[in-house]
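Take a look at the structure set out below.
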Amino acid sequence: MASSLIDGRWDYGASDAAIFASIAVGIPEDGMPGFGAVMDADQIDVLVRLMREAEHAQSH
Ligand code: HEM
């Protein structure tokens, strides 16, 4: 059901802040749970950076 997170397409906002929010709050209308209660901000930041790096590596 979920689409690629590293294809450069962001349906819920492409900024770091928007991706952070997608992870922390989740996407209730699509069934994605929020992880804000189980990961702290530093951990979510690491995931955002990981996705950015993979996205960048794939576009070259
Ligand atoms: C740590 C684990 C996860 C991370 C880092 C993550 C991250 C994300 C992000 C950043 C988006 C927004 C994508 C966009 O803007 O286009 C997204 C969307 C979505 N996620 Fe997750 N997600 C996680 C776990 C899950 C789980 C467990 C589920 C389902 C049980 C799920 C289902 C979805 C769905 C259905 C969408 C919306 C469709 C899409 O844009 O692909 N995610 N996820």
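The values are calculated or read from the model by the stated rules, or taken from the named source; none is laboratory data. Fair warning: this is a prediction, and the values are worked out from it, not measured in the lab. Cβ sites come from the backbone with ideal geometry, for glycine too, and all protein chains shown count toward neighbours. Heavy atoms of the whole protein, side chains included, go into the accessibility calculation; ligands, DNA and RNA do not. Shrake-Rupley method; radii C 1.70, N 1.55, O 1.52, S 1.80 Å.
Quick check on G13: is it open to solvent by less than 50 Å² (accessible area, probe 1.4 Å), in contact with a Pro (Cβ under 7 Å, 6 or more places away or on another chain) and near the ligand (Cβ under 10 Å from one of its atoms)?
Working: open to solvent by less than 50 Å² (accessible area, probe 1.4 Å): yes; in contact with a Pro (Cβ under 7 Å, 6 or more places away or on another chain): no; near the ligand (Cβ under 10 Å from one of its atoms): yes.
No: the conditions fail for G13.
Consider only pairs whose beta carbons are under 7 Å apart and that are at least six residues apart or on different chains; among these, list those whose first residue lies in region 30-41 and is at positive phi and whose second residue is open to solvent by 50 Å² or more (accessible area, probe 1.4 Å) and hydrophobic (A, V, I, L, M, F, W, C).
G31/M1
Please identify the pairs in which a residue from region 45-60 that is of a type in the set (G, A, S) has its Cβ atom under 7 Å from the Cβ atom of a residue that is surrounded by 14 or more Cβ atoms within 10 Å (Cβ to Cβ), counting only partners at least 6 apart or on another chain.
If the second residue must be surrounded by 14 or more Cβ atoms within 10 Å (Cβ to Cβ), the pairs left are A54/I6.
With the structure loaded, tell me whether G8 is surrounded by 10 or more Cβ atoms within 10 Å (Cβ to Cβ) and free of Cβ contacts under 8 Å to residues at least 24 places away in the same chain or whether it fails that test. Steps first, please.
Working: surrounded by 10 or more Cβ atoms within 10 Å (Cβ to Cβ): yes; free of Cβ contacts under 8 Å to residues at least 24 places away in the same chain: no.
In short, no.
Taking only region 18-45 into account, find how many residues are open to solvent by 70 Å² or more (accessible area, probe 1.4 Å), of a type in the set (V, I, T) and either closer than 18 Å to S4 by Cα or not in a helix (DSSP H, G or I) (or both).
The number of residues fulfilling the criteria is 1.
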